[in-house]
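Input: a single structure, listed below in structure tokens.
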Amino acid sequence: MLALQGAFARHMSALEQISTSERPIDAREVRTPEQLADVDALVLPGGESTTISKLLVTSGLREPLGQRLAEGLPVFGTCAGMILLSDEILDPRSDQFSFEQIDLSVRRNGYGRQIASFEVDLPVDGLDEAFRAVFIRAPIAERVGDKVEVLASVDGTPVLMRQNNVLVASFHPELTPDARLHELFVTSAVAASG
Amino acid sequence: MGENQNREQVAGTTRVKRGLAEMLKGGVIMDVVDPEQAKIAEDSGAVAVMALERVPADIRRDGGIARMSDPVMIEGIQEVCSIPVMAKVRIGHFVEAQILQSMGVDYIDESEVLTPADETHHVDKFGFDIPFVCGATNLGEALRRIAEGACMIRSKGEAGTGNIVEAVRHLRSILGDIRKITQADEAELFEWAKQLQAPLPLVQEIAETGELQVPLFCAGGIATPADAALAMQLGAQSVFVGSGIFKSDDPAPRARAIVEATTNYMDPAILAKVSRNLGAPMTGIGMDDTVKFAERGW
């Protein structure tokens, strides 16, 4: 769990919720390169992407994390985390970077300011019942590459996507008690690491 | 592929409003008075800015009536910022709040730093689609604000003093009482609600969960990276820095240092590193002859 800034405590609770004796999850906060070296999968939480990207540099995590991601570290990015994993950030600030792990072009705050934030019942591929999705100053994926599998959309805009070991959501699965998407991530991460 | 089901999208729910504060956790919200300061704040890693005409230290110095800022000034800051923009309204001044909501401000601070407009009532915050933050000095005040719809509570501290002592008092009071309530039995919770002058169901909820219903941030008197880390170690989840940055000698490095200190609040070696060579902090003032903004609010 990348714990530089944002909603990481809520993600930690969700992961603890789905930890079982058959498949225990040892959820840890990552703020340093040493802590990063010890994890088998990573969640990049929502927060302010400008703040998190600055802290990735000052903490010395940017390079080792880029390396781990290139080697196929399973990763789940929500909101700001999705921005940080995308191939392209539209209208980025000059000092903002991304790890280029999923073929998307993303616009920050694509829906507008907080007044435009909303929640909605979202049908998700592979889930029997809709997922209550909370969008907060959410990014919009304006371009989605061919290799990207779209798992859910709102009004034609993809909001939950996967490419290889990279899962991204423009909404906040950690803000609802429903941990099915965390389950989806952990199941595929376990499968990926054999 | 998920098809569009035309399901209803709902804005302004409690979850959507409280959710934004979750995104601001572990971050620094900085007071700014013009677009130039707003740029410095965003470049330094602030998670949000508070747009206001005068920082609290200047409000103290100037006296007079402090009101909501000019919309032109707030819009100027909205234009240069990609991070959330907050603005203040006077306690009970729901029309100032209506104006800020119409302008698309991301968060409203119903603030004791401005001169109160109502000496009995706060704004009914459930009537708005954007979230409110309110100050509190103790748990009862925090729960009364939550009962009115506040989505984030901040300690009041004593804004514009550069003195952390009041914020520490308020955080210890709020978090100390939460800890005590988790040890209380059912019968004692009635007495807690009575003493706190707070709704019983909210007190019972705290007894069950052990935490406040909304995020608790620290405000009022933070001037150094160590102050920010102190607030976080005491249990605050983010910090507001008002006069402390732009009333110091060299704002940008201080702003960056406070951002790093807020993330690494448990690591003294990093705190030592970021505290070096920041120039003089704001001078600050003692509490003896200070007008206490914190006494505003009911």
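The values are calculated or read from the model by the stated rules, or taken from the named source; none is laboratory data. What you see is a predicted model; the values in this text were computed from it and never measured. Neighbour counts are summed over all protein chains in view; Cβ atoms, including those assigned to glycine, are modelled from backbone coordinates with ideal geometry.
When B:ASP43 is tested against (1) surrounded by fewer than 24 Cβ atoms within 10 Å (Cβ to Cβ); (2) within 7 Å of chain A (Cβ to nearest Cβ), just one condition goes unmet, and that condition is (2).
Figure legend. Inter-residue proximity from region B:265-284: first residues hydroxyl-bearing (Ser, Thr, Tyr), second residues crowded, with 19+ Cβ neighbours inside 10 Å, beta-carbon distance below 6 Å, spacing 6+ or different chains. Indicated pairs: B:TYR265/B:ALA229; B:TYR265/B:MET232; B:SER275/B:PRO225. Output yes when any residue across region A:119-133 is free of Cβ contacts under 8 Å to residues at least 24 places away in the same chain, buried (at least 20 other Cβ atoms within 10 Å of the Cβ), touching a helix residue (DSSP H, G or I) at 6+ places or on another chain (Cβ under 6 Å) and outside any strand (DSSP E or B), and no when none is. Within region A:119-133 (the criterion being free of Cβ contacts under 8 Å to residues at least 24 places away in the same chain, buried (at least 20 other Cβ atoms within 10 Å of the Cβ), touching a helix residue (DSSP H, G or I) at 6+ places or on another chain (Cβ under 6 Å) and outside any strand (DSSP E or B)), the answer is no, since none of the residues qualifies.
Listed here are the residues, each with its yes/no results for (1) modelled with pLDDT under 95; (2) surrounded by fewer than 16 Cβ atoms within 10 Å (Cβ to Cβ); (3) farther than 30 Å from A:ASP91 by Cβ; (4) within 14 Å of chain B (Cβ to nearest Cβ).
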residue: A:GLU22; (1), (2), (3), (4): yes, yes, yes, no
residue: A:VAL39; (1), (2), (3), (4): no, no, yes, no
residue: A:THR50; (1), (2), (3), (4): yes, no, no, yes
residue: A:LEU55; (1), (2), (3), (4): no, no, no, yes
residue: A:GLN67; (1), (2), (3), (4): no, yes, no, no
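In summary, B:ALA228 fulfils each of the numbered conditions (1) farther than 15 Å from B:ILE29 by Cβ; (2) in contact with a helix residue (DSSP H, G or I) (Cβ under 9 Å, 6 or more places away or on another chain) with the single exception of condition (1). Filter region A:94-111 for residues that are closer than 17 Å to B:SER82 by Cα and in a strand (DSSP E or B); which is farthest from the other protein chains (Cβ to nearest Cβ)? Within region A:94-111, the match that is farthest from the other protein chains (Cβ to nearest Cβ) is A:VAL106. When region B:17-40 is filtered for residues that are part of a helix (DSSP H, G or I) and within 11 Å of another protein chain (Cβ to nearest Cβ), the ones remaining, listed by number, are B:LYS17, B:ARG18, B:GLY19, B:LEU20, B:ALA21, B:GLU22, B:MET23, B:LYS39.
Conditions tested, residue by residue: (1) within 28 Å of A:GLU48 (Cβ to Cβ); (2) touching a helix residue (DSSP H, G or I) at 6+ places or on another chain (Cβ under 9 Å); (3) in contact (Cβ under 8 Å) with a residue 24 or more places away in the chain.
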{"site": "B:VAL47", "(1), (2), (3)": "yes, yes, yes"}
{"site": "B:ARG60", "(1), (2), (3)": "no, yes, yes"}
{"site": "B:VAL72", "(1), (2), (3)": "yes, no, no"}
{"site": "B:GLY76", "(1), (2), (3)": "yes, yes, yes"}
{"site": "B:ALA97", "(1), (2), (3)": "yes, yes, yes"}
{"site": "B:GLU119", "(1), (2), (3)": "no, no, yes"}
{"site": "B:ILE130", "(1), (2), (3)": "yes, yes, yes"}
{"site": "B:VAL133", "(1), (2), (3)": "yes, yes, yes"}
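Inclusion of B:GLY2 among residues that are at the interface with chain A (Cβ under 8 Å from one of its Cβ atoms) and either modelled with pLDDT of 95 or more or assigned to a strand (DSSP E or B) (or both) is not warranted. Restricted to region A:84-93, and to residues there that are more than 9 Å from every other protein chain (Cβ to nearest Cβ) and farther than 16 Å from A:ARG68 by Cβ, the residue that is surrounded by the most Cβ atoms within 10 Å (Cβ to Cβ) is A:SER86. A:LEU104 meets all of the listed conditions (1) within 24 Å of A:ARG10 (Cα to Cα); (2) surrounded by 24 or more Cβ atoms within 10 Å (Cβ to Cβ) but one, namely (1).
Residues considered: A:GLY60, A:GLY46, A:GLY81, A:GLY6. Of these, the only one that is at positive phi, crowded, with 21+ Cβ neighbours inside 10 Å and among the small types (Gly, Ala, Ser) is A:GLY6. Entry remark, region A:141-177: residues being under 16 Å from the mean Cα position of the chain (by Cα) and either surrounded by fewer than 17 Cβ atoms within 10 Å (Cβ to Cβ) or not in a strand (DSSP E or B) (or both) number 12 in total.
Scanning region B:244-298 for residues that are surrounded by fewer than 15 Cβ atoms within 10 Å (Cβ to Cβ), of a type in the set (Gly, Ala, Ser) and under 17 Å from the mean Cα position of the chain (by Cα) yields a total of 0. Picking from residues in region B:72-93 that are more than 24 Å from B:ARG60 (Cα to Cα) and not hydroxyl-bearing (Ser, Thr, Tyr), the one that is farthest from the other protein chains (Cβ to nearest Cβ) is B:GLY76.
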